[in-house]
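The values are calculated or read from the model by the stated rules, or taken from the named source; none is laboratory data. Nothing here was measured: the structure is a model prediction, and the numbers come from that model. Quick reminder, even Gly has a Cβ in these numbers, built from the backbone with ideal geometry, and neighbours come from all protein chains shown. For the accessible areas, the whole protein counts, side chains as well, though only heavy atoms, and no ligand, DNA or RNA atoms are used. Shrake-Rupley method; radii C 1.70, N 1.55, O 1.52, S 1.80 Å.
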Amino acid sequence: MPSTLSTAIIAALATGTLAREDVFPVTKPDFRYQEFSKLDRVQQKAATDQLDYTAITWNALGLADVERKGWDYLTTDQQIGATQVGFTKESWDCFIDHYSSAYWAELVANNKASQYMRLGWSQQSWEGEGDHPTTEGKWWDQLSEDEKKAANSLCYFKKNWNSEDMNPNDSYFPFNFPEFRYQPWNELSLSMQNTAIGMMNYTEDLWNDLGTHVAEKNTFLNLDSVTREGAMELGFYTHNWDCFINHYQAYYWSSFHSDLLVAVETLGWSEASWTNDMQSPPLSESKYWADLSPEEKAAATRLCYFEETWDTNEYPTLEDFDISTAVTPDGPLPQDINLNIYETTGYAGRSPGMVAAGQYIYNTNASYRTVVSSTVLGVVALAGAFLFA
């Protein structure tokens, strides 16, 4: 009778769920994929002074403006700074720019066009004369095996393809809580007010009435450049804007994946209802927070709702706002949230139990957080050799 481990290995091989190994043409700059706080002082200084990174833009992969430039388009000072951080021309062009600054003819000459073609690009779409390929709207796990290999050749892997967030997060929300957005206008600093007015076209009324500003109906990356820069100065970036401000309402259904898809489906949405101008909302949309099931509360938390932002038929007004039920490190944790709905997908937020124990309904034996050791992977490889010999 086969062991439990052997059975699991065979099942994983059959379903293709084993971790694959990424193979890159250039040595991976591992320092780029660690938090800003873990860089040494020389790296931090070069990143901020010469490459214009902030801690937020370093921790949110692909967000900094400098990362949309190839090495040859960097200034001399930026190249010196990048070198001090630890990059080479080869690692920058592959892992940071992914050769996206190159003309199509340059991609052809450097044998990169064929890799982009495997991802659905053509010369016409690359030069802006055709639609972007469908892979641009996919998460890593939605790519085919051939598409992943092509992406690896361009120094993409799961973490940078998905633009994962490394910003510290002490809450059960999937991303760090922008508490400043829930402060009334008169409690903001003068500099924050000036940024909100001058760069984002907020007024006091638009700020105090959550969701009324037209910018808040859009995703972060679709904001115009000045508005986006202002949002970053306030403390927003891609993930916390799309979650806390837009609640993913501007996303296409095809963009939902993994725990995000679980969340919207748990709340009763389907592709048909989501894409039908939201004219047929599910029953959860008419419930107060207290009436949501533990599963629905977990789903709403993944969309960065909490009681005050959920319980309103109109836009909530900050003047009478209380964020005491939001899932913050210092505040009370809301009750009856069942994160078991994310057992198979994992959850973007903190591991339950790291802030306070006993508040959430959660199965601590959930298997998706199990780390597979190198020894087990060796057994897996051996089993694969026997199965496919």
Enumerate the helices (runs of 4 or more DSSP H) found wholly within the stretch 23-104, keeping only those where 3 or more residues are surrounded by 18 or more Cβ atoms within 10 Å (Cβ to Cβ) and in contact (Cβ under 8 Å) with a residue 60 or more places away in the chain. 55-59
Of Glu229, Glu187, the only residue that is touching a residue at least 12 places away in the same chain (Cβ under 8 Å) and either under 22 Å from Phe36 (Cα atoms) or of a type outside the set (A, V, I, L, M, F, W, C) (or both) is Glu229
Cβ-Cβ below 7 Å, separation at least six or inter-chain, first residue in the stretch 282-311 and polar (S, T, N, Q), second open to solvent by 40 Å² or more (accessible area, probe 1.4 Å): which pairs? Ser284/Gly268
Confirm whether Tyr251 is modelled with pLDDT of 90 or more and within 15 Å of the chain's Cα centre (by Cα). yes
Which of the residues that make up the stretch 119-156 are in a loop (DSSP other than H, G, I, E, B) and under 14 Å from the mean Cα position of the chain (by Cα)? Lys138, Trp139
Condition first: closer than 17 Å to Glu216 by Cα, polar (S, T, N, Q) and open to solvent by 10 Å² or more (accessible area, probe 1.4 Å). Now tell me which residues in the stretch 228-285 satisfy that. Thr238, Gln249
Do you know which residues across the stretch 179-216 are within 22 Å of Thr309 (Cα to Cα) and loosely packed, with under 13 Cβ neighbours inside 10 Å? Asn186, Glu187, Asp205, Val214
Of Pro168, Pro174, which residue is modelled with pLDDT under 95, assigned to a loop (DSSP other than H, G, I, E, B), farther than 30 Å from Val26 by Cα and not small (Gly, Ala, Ser)? Pro174
In the stretch 268-316, what residues are within 16 Å of Tyr342 (Cβ to Cβ), assigned to a helix (DSSP H, G or I) and either at pLDDT below 90 or not acidic (Asp, Glu) (or both)? Pro294, Lys297, Ala298, Ala299, Ala300, Thr301, Arg302
Go through the stretch 127-165 and give me each residue that's buried (at least 16 other Cβ atoms within 10 Å of the Cβ) and modelled with pLDDT of 95 or more. Glu147, Lys148, Ala150, Ala151, Asn152, Ser153, Leu154, Cys155, Tyr156, Phe157
Which one is modelled with the lowest pLDDT among residues in the stretch 208-242 that are under 15 Å from Gln193 (Cα atoms) and small (Gly, Ala, Ser)? Gly235
Can you pull out the residues in the stretch 177-197 that are hydroxyl-bearing (Ser, Thr, Tyr) and modelled with pLDDT of 90 or more? Ser189, Ser191, Thr195
Of all residues in the stretch 242-300, count the ones that are basic (Lys, Arg) and in contact with a strand residue (DSSP E or B) (Cβ under 6 Å, 6 or more places away or on another chain). 0
